[in-house]
Every structure is written in C-alpha cells, then in structure tokens.
Amino acid sequence: MRHLLSLFILITVGLSAQNNSSYWQQHVSYKMQVNMDVKNYKYTGSQELVYTNNSPDTLKKVFYHLYFNAFQPGSEMDVNSRTIADPDGRVLDRISKLQPEEYGFLKVMNLQQNGKDLTSDVAGTILEVTLATPIAPGAKSTFTLNFQGQVPLQIRRSGRNNKEGVALSMTQWYPKMAEYDFEGWHADPYIGREFHGVWGDFDVTITIDKKYILGGSGYLQNGDAIGYGYETPGTKIKRKGKTLSWHFIAPNVHDFTWAADPDYIHDTLAVPDGPMLHFLYKNNPKIIENWKKLQPKTAQFMTFFNQKIGAYPYKQYSVIQGGDGGMEYAMCTLITGERSFGSLAGVTAHELAHSWFQHILATNESKHEWMDEGFTSYISANAMAEIMDRNKENPHTGAYQSYMRLVQSGKEQPQTTHSDRYAFNSAYGASAYSKGQVFLAQLGYIIGEQQLAEVLKKYYDTWKFKHPTPNDFKRIAENISGMQLDWYLTDWTQTTNQIEYGIKSVVEKNGTTQIELHRNGLMPMPIELFVLYEDGTKELIYIPLQMMRGTKPVEYKINRSIAKDWAWAIPNYTLTIEKPLKAIKNIIIDPSSRMADVNPINNIYPEPTKE
C-alpha cells in the first residue's frame, strides 16, 4: 500500500509539473451571420463555432458569455453600481431605469454539439452548457446555435445612441465562448470591468440598412460591393434593395467588435511600412478638424509602438467614434470624439497601445488588470512625451502621484485582487492604471532603462498571440537583467507593502562621514545614493539589494561606486564616506525619483526647511 501511495504521489507531481511547464491554449473558429433591425435595435443571428480542446483535460461542460444581459434592471452590473461607494458616473442607477424596449439581452436557441441537442442554463450573463459528448484532449467539437439580441440604450461601452449620437457600438454583442486555461474555466459574470477571450478566427457577415457605414475588427471582404470608402478607387457602386451585407474576416484575434452609423465619415491613411489606418467619425463640423489632425499623429504612434515593442501584426487598425470613453478591441478602438485635440490624441495613443498589451499579449484582464492597463499607460505616456511633447522630462510623474494618493487614501488593495472585487472604483483605477504604470517605470530604476527596453521587446516576441501571466513577464526580466526579481513581483503586486527609506543620521567620525540609512517600510529596494560635494563634484553610491543577486548597469555620466549589499531583514545600513562632513553639500536617496518612496521628505540631507 505504501508503494502504491508513493507511486501515486510521484505520478501526480509529475503531471502537475508537466501542466505547469507546458504551455497550451484553446482555439475557436466562429462563423456568424447577423441581421440588424435599425428601427427597433433588435438583431438575430446564427453561429457555427469549431472548438479545439488543446488542454490535457476532458471537458464535460462549456460556458458562453451573454454580455448584453448585464443591461437589465436587477443585474449584477446594475446592483453593483447602485451599492458601491463611488459608482462610475457613466452607469450610476441608469440601468435600473431602463424600460423594456431599452434593455439589453442576448438569448440562445437551438444549441447543438455535432448535431446533437444540448441542455443549458442561463445565470445572468453566463450560459452553462452540459455537453452531449465530452471533448477529449486534442479533439474538436462543432457548436451551432441561433441567437436573438436587443441592443441596450448605451450605458457602458456597448449600446445604441451614445451621448454623441453614434447609432451602434457593438461590443461584446454575440454569444462568446469563455476561456479555459491552466487555471480552469473563466466564466466570470459581466459586472463592468475586464475580459478574457479565446484565441481564434472570425468570419462575420452583418446585414443592415444600406445607409449605415460600418467599421471594426477584421478585413472587409466585399468592399467593392459595399462602397462607403472601402471600394477600389474608380469603382461605381450600385446599391440595390434596402440592406447591405458586410462580410468581415478577422484572423487570430480573441474578440470581434463593430460599430455603425449612417453619418460616419470614413478616412484612411497608410502607415509607412505598416498597416492601413481607418478613421470613422460623425459628420459633425465641431470635431472634423481634430479628427483630421489626429490621423498623422496616429501613424506616428503606430510607428513608435512598432519600434519600442514589436511590429503590429495585422494589416489594418481602425479608430472609431463610439462607446462611452475609450476601450480597446481587436484591430480597433471605440472612443468618444467630442474632445480637445490633446485629449483625442491621448485616448487614441492609449487605446492603440492596447493592441499590444491586451490584443496581442492577451493577459487575463480580470485577474491581472494591471498588466494590460499599467503597461499600456507606461508605453503610451512615453509616446505622448515624444510625439506630443507632453511631460517629456518624466512622463510617469502623474502615475507616481496617483499611486501616492491611493496609498494615502487607505483604500489600496493588492493588485492580485480580481478586477470586480475592488471596494472602490477609484482604488481599482489607481491600482490598475497608475500603480501598474509605476511597476514598469520603477523596474527601469531596478534593472536599468536599457534593459527594460530589451525586456519589453523580448516579452512581446516570446508571448505574442498567447496568454502571458505576471510570472512569465518576471522570468523574461530576470533572464535579460541577470537579477532575481521575485521579491519585486511579490511585494508590489501581491501585497500593499510600501517603500519607505530615509536618511536617519549623518555624522562625522575621525575625519570621515558616516551615513546611517533606515528602511521604514516593508518593501525592499536597491538604493541609489547621490552625494554632491562642496567643491561641485558628484558621486553616486549604488547599494544593491542582497536578495536581488545582481547590480544594474551604469546609467549616469557621473562617478558610481558599488557598496556592499543590503539585506532586507536588517533595517539599518551604515555607509562611510572618506571625507569630512563639511565637504558634503547634499545627500539624496534616489535622485531620479523613480523609486515610489511614500515619504520622500526624509530622503534628502540636509532635510529641506519647511515653509
């Protein structure tokens, strides 16, 4: 019996190790035909979905997202918005006041697996399906269904007739297979935040009133029949009947989005050595000038991201007026368009950057929202600094300030908090966007800016078209830098530990100066100590963190010396300078201000006088 138990444990451990070290991901192939009635905003459709189970598990159930069901009184999104301490101003209690003809809904009928009827159960925005035949590892199943939907009055991201008059913002609009990965199913209810999708291919045909102009994910296959700026130059279009069918194909994406309006202007601009950009926006005289100015800037942003992260892999990208602010989707974004030019450029830079940090590097946003929002905020801030000359000296100052406000608020939760489990919307925003942005900016302080740039490119090259986790990013940073960084990922993202170092005392002893530093916070960091002498000379003393097991390259054109390591569990550290105290003018911890020290006032000697 003991031998059998030992064998069982050995086999279990071996399987666990294999599953944790062997990457796999599921695959979907959608084919959908949709008919949209623009008079009552109802639509019907059919869907054929070929699902490939690349996991090592046999699947007995599958789950679909029915996102539009969130836009009904009494839904989780509605109740959460009415009970959270600081509701999103775009939602508030608006869902509870919707009338039946303004609801959103998505209903599934005639669901089959390989021609066999299936039993299913709807719980809010999730459809749970019991399979007729389990799907074995490596096997495929074909699911077919019909669906009916009603487009809600626009409230959050999706919907009809948004505040700027865009008719249809069709995001998260179809029955969408939930993701199954090494953690299991991710059938999260739609409460208002983030997404996680299965990589695959989409073949979508949308039949709609012929006056409407469409844009979104995928490549239009019948532009010469449709027109509206999609036809070959010189082609004469004759539109017969009351409707047109728009046929799109989107390869290797994890979502499909479209928008439509009868009053869209459609412009295009080719990026040098890059994709074709499409711009669709309302024929509103108040915004046309800004949208024309936006187009060359978007091309510059695309080139910047190509250079700093890696080549955008698709042949087109669309910037579309719609939605309720700015939200990224596969091969496109929906943004509100009645903005100042600076705001329009800023939101476009941010959403375009999401094409890399979410729609190519497809993290699970629900669990690791700081990776897509924070990384996007980091790289788009750099782009705005270079292209729009905004905060050029330190593009990340605002993110550090936002993080400090979060700490001072007492509302901070660890970044491992599920995106729907934050007690405050403001805490979620500061954690995902600002603290996530600081994660990268501060990593540049730890490993060096040049090595950080190499990490981002290697991360993209290694994990594009996959679902990377925080540990995957950390391992690449470790391999590039030669440092151990588990302490950084753990403390910064899995706790609310704070960085707080200070200069405790500076005294002269036997003609030398002894500087005593103190770690007041729980989170460790390596220390850069800048010394300015009375004769004008400068010195940077680098104190590595012992558990880091390495040092970063020289970054500044001033003399740098490396002191002995500082072990985290020892709160005090004494440094001796072989000069008398009178020879020293200033001492500063972290002169670059890239370390998110929550109390920087004690980082300076002599301490600044309080006015």
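Structure above, values below:
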| quantity | calculated |
| --- | --- |
| Summed side-chain charge close to Met525 - residues other than Met525 whose Cβ falls under 13 Å, Lys, Arg +1, Asp, Glu -1 | -3 |
| Region 495-568-region 219-289 distance, computed between alpha-carbon centres (Å) | 57 Å |
| Nearest-0.05 FRET efficiency for Thr119 and His27, computed from C-beta distance (R0 35 Å) | 0.90 |
| Ordering of 565-572, 128-135, 427-434 by packing [mean C-beta count within 10 Å, highest first] | 427-434, 128-135, 565-572 |
| Matching label, Cα extents along the principal axes in Å computed from the structure shown, candidates (1) 79, 74, 56; (2) 73, 62, 53; (3) 95, 80, 47 | (3) |
| Distance (nanometres) between label positions extended 7 Å along Cα→Cβ at Val79 and Leu522 | 3.3 nm |
| Three-way shape call for region 285-368 based on the alpha-carbon gyration tensor, with the a/c threshold at 1.5 | oblate |
| FRET efficiency for Asn391 and Trp185, using Cβ-Cβ distance with R0 set to 51 Å, rounded to 0.05 | 0.75 |
| Contact order normalised by residue count of the chain, Cα under 8 Å, 6+ apart, percent | 10 percent |
| At least 27 Å along the helix axis (C-alpha) and Kyte average at least -0.5, DSSP helices within the chain | 2-21 |
| Ranked packing of 334-346, 261-273, 245-257, most packed first, by mean Cβ within 10 Å | 245-257, 334-346, 261-273 |
| Loop-located trypsin sites (Lys or Arg not before Pro) in region 170-259 whose Cβ has at most 12 other Cβ within 10 Å (DSSP) | Lys236, Lys238, Lys240, Lys242 |
| Relative packing of 82-88, 220-226, which averages over residues the other C-beta atoms within 10 Å, highest first | 220-226, 82-88 |
| Simple label model, 7 Å out from Cα along Cβ direction - Asn510 to Tyr533, nm | 2.1 nm |
| Cβ-defined net charge surrounding Gly511, 11 Å radius [Lys, Arg +1; Asp, Glu -1] | +1 |
| Region 524-611: Lys pairs at Cα distance under 16 angstrom, eight or more positions apart or on different chains | 5 |
| Restricting region 534-608 to GluC sites (Glu not before Pro) in coil, as DSSP defines it, with at most 14 other Cβ within 10 Å | Glu534, Glu578 |
| Whole-Å distance, taken between Cα centres, linking region 416-494 and region 102-146 | 36 Å |
| Length released on extending from Trp199 to Ile288, taking residue separation times 0.36 nm less the Cα-Cα span | 28.5 nm |
| Prolate/oblate/rounded call for region 70-125, Cα gyration tensor, a/c under 1.5 rounded | prolate |
| Two-site FRET efficiency, Ile558 against Asp273, from Cβ-Cβ distance with R₀ of 30 Å, rounded to 0.05 | 0.20 |
| Dipole magnitude (debye, nearest 20) for the chain, charges at Cβ of Lys, Arg, Asp, Glu | 880 debye |
| Region 34-186 - percent of accessible surface contributed by carbon and sulfur, probe 1.4 Å | 47 percent |
| Local electrostatic count, Thr462, Cβ distance below 11 Å [Lys/Arg +1, Asp/Glu -1] | +3 |
| Accessible area per residue in Å² at 1.4 Å probe, computed on the chain | 42 Å² |
| For the chain, calculated [θ]222 nm from helices alone, where every DSSP H run of n ≥ 4 adds -39500 (n - 2.57) | -8000 deg cm²/dmol |
| Normalised contact order of region 179-257, rounded percent, pairs of Cα under 8 Å and 6 or more residues apart | 40 percent |
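The values are calculated or read from the model by the stated rules, or taken from the named source; none is laboratory data. As the structure is a prediction and not an experimental result, all values here were calculated from the model. Neighbour counts run over all protein chains shown; Cβ positions are idealised from the backbone, glycine included. Accessible surface areas use protein heavy atoms only, side chains included; no ligands, DNA or RNA. Shrake-Rupley method; radii C 1.70, N 1.55, O 1.52, S 1.80 Å.
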